[in-house]
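Beneath this line is the structure, given in structure tokens, with notes to follow.
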Amino acid sequence: MKFRLKYVVEDVDRHGNVRLYYRRNGRKVRLRGPAGSPEFLADYRTAAAGPKEAKTDKAGRVVPKSFRWLCVQYFKSAMFQELDPRTQKVRRSILERFCEHKGDGDKPFAQLLPRHIRVRRDEMADRPEAANGMVKAVRQLYRYALRYDHHDDNPAEKVEYLKGNPDGYHSWTLAEIEKYEQVHPIGTPARLALALALYTGQRRADLVVLGKQHVRDGWLIFKQHKGRNRKPVRMEIPIIPELQRIIDATDTGDMAFLKTAFGRPFTSNGFGNRFRKWSDEAGLPHCAVHGLRKAAAARLAELGCTEQEIMAITGHRTSKEVTRYTRAASQKTRAESALRRLSLEQTPDESVPLLAAVVPGGTKSQPK
């Protein structure tokens, strides 16, 4: 019999893991599994009780010098306001959850030590990316505190990040792309989404706004969404024939190529959810839209493109992320190149072993 409780939902992350959440009135709280376990029931009761009220003074204000007070000051600062709206939303959510955890928001922020943050980080060890996101958010909070003379130390700077998946999102293989294409033929929104992601190498926040107004003489010309308020990146990407063929065969929107069932442009999150369903329909639950950006970069690397050429397509400002995207592809290309040179050095009548056997004394062993 399946265990059910009101407001409990299941979400599948990009690695295919099932996560349990309490979701009500816009709040989404992670619950430890499995469903029905003592830990699950304890988390459910806590979530159902709602967020703990912040301690206030007699005037109803948040107690000065508490962790929550510091967060409030940070949210009003220019440092926070200069961030991208999505970054603001994510960081605010992380810090508010930190405040709600065991009443940490009501404690003096000056008493927070590295060991306290490590304990909180280790409690999230099963979600290393979320744990690292928490550490990063607290680091930024205390950088604000240092800059505005609220404090003279940053305890989060001394807390190490957990080692998560070094490769990040799964990069689609050619076989996975073909499998998706078999389920979603040309002319469907799902196929157009794949083509836009694969043949432009852009993030989903850019994919949802690309439209006819960005096309000039066979080129897509636009500013990337990420960093648009601080360090805008202007992109010019040629529309290859295959992408143009798919666009022409699809019923696109007026201002955006991709549109919802109601004819309106997708939001970034809405598109991510919709693409998740399209991937699931193709039997690819482990494949996300961001993995196509990685696949595009990897394919360019396999074709011999330099990092600078790949960055001209993806819009990365530094080669660090591109190197991570293309690590496997570069290894494959180098191996192929090395063996090709080895093959050219051989004569038709010779067979040169890749590795000569070596005895401990350092001399080549002779056949017996």
Mind listing whichever residues of the range 177-191 are part of a helix (DSSP H, G or I) and either of a type in the set (Val, Ile, Thr) or touching a residue at least 40 places away in the same chain (Cβ under 8 Å) (or both)? Ile177, Lys179, Tyr180, Gln182, Val183, Pro189, Ala190, Arg191
Would it be correct to say that Val135 is among the β-branched types (Val, Ile, Thr), in a helix (DSSP H, G or I) and under 21 Å from Asn25 (Cβ atoms)? no
Criterion (aliphatic (A, V, I, L, M), assigned by TED's automatic domain parsing to the domain that holds Tyr199 and either more than 19 Å from the chain's Cα centre (by Cα) or surrounded by fewer than 18 Cβ atoms within 10 Å (Cβ to Cβ) (or both)) met by exactly one of Ala288, Ala282, Ala295, Ala338: Ala282
Out of Leu70, Leu41, I need the residue that is at pLDDT 80 or above and outside the structural domain of Asn154 (by TED's automatic domain parsing). Which one? Leu41
When the range 140-155 is examined, which residues are found to be more than 11 Å from Leu70 (Cα to Cα), assigned to a helix (DSSP H, G or I) and either outside the structural domain of Lys76 (by TED's automatic domain parsing) or out of contact with any Pro (no Cβ under 8 Å at 6 or more places or on another chain) (or both)? Gln140, Arg143, Leu146, Arg147
Considering only the range 228-279, state which residues are more than 20 Å from the chain's Cα centre (by Cα), surrounded by 14 or more Cβ atoms within 10 Å (Cβ to Cβ) and among the β-branched types (Val, Ile, Thr). Ile237, Ile239, Ile246, Ile247, Thr250, Thr252, Thr260
Got a sec? Which of Ala145, Ala197, Ala193 is among the small types (Gly, Ala, Ser), surrounded by 17 or more Cβ atoms within 10 Å (Cβ to Cβ) and over 24 Å from Pro241 (Cβ atoms)? Ala145
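Are any of the residues in the range 162-176 exposed (fewer than 13 other Cβ atoms within 10 Å of the Cβ), part of a helix (DSSP H, G or I), modelled with pLDDT of 95 or more and more than 15 Å from the chain's Cα centre (by Cα)?
no
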Among (1) surrounded by fewer than 18 Cβ atoms within 10 Å (Cβ to Cβ); (2) under 27 Å from the mean Cα position of the chain (by Cα), the one test that Asn132 misses: (1)
I want to confirm something. Restricting to the range 298-330 and keeping residues that are crowded, with 18+ Cβ neighbours inside 10 Å and of a type in the set (S, T, N, Q), which single residue is modelled with the lowest pLDDT? Thr326
Touching a Lys or Arg at 6+ places or on another chain (Cβ under 9 Å), at pLDDT below 95, among the hydrophobic types (A, V, I, L, M, F, W, C) and closer than 25 Å to Val12 by Cβ: does that describe Ala35? yes
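The values are calculated or read from the model by the stated rules, or taken from the named source; none is laboratory data. For clarity, every value in this text was computed on a predicted model and none was experimentally measured. Glycine gets a Cβ as well: all are built from the backbone with ideal geometry, and neighbour counts include every protein chain shown.
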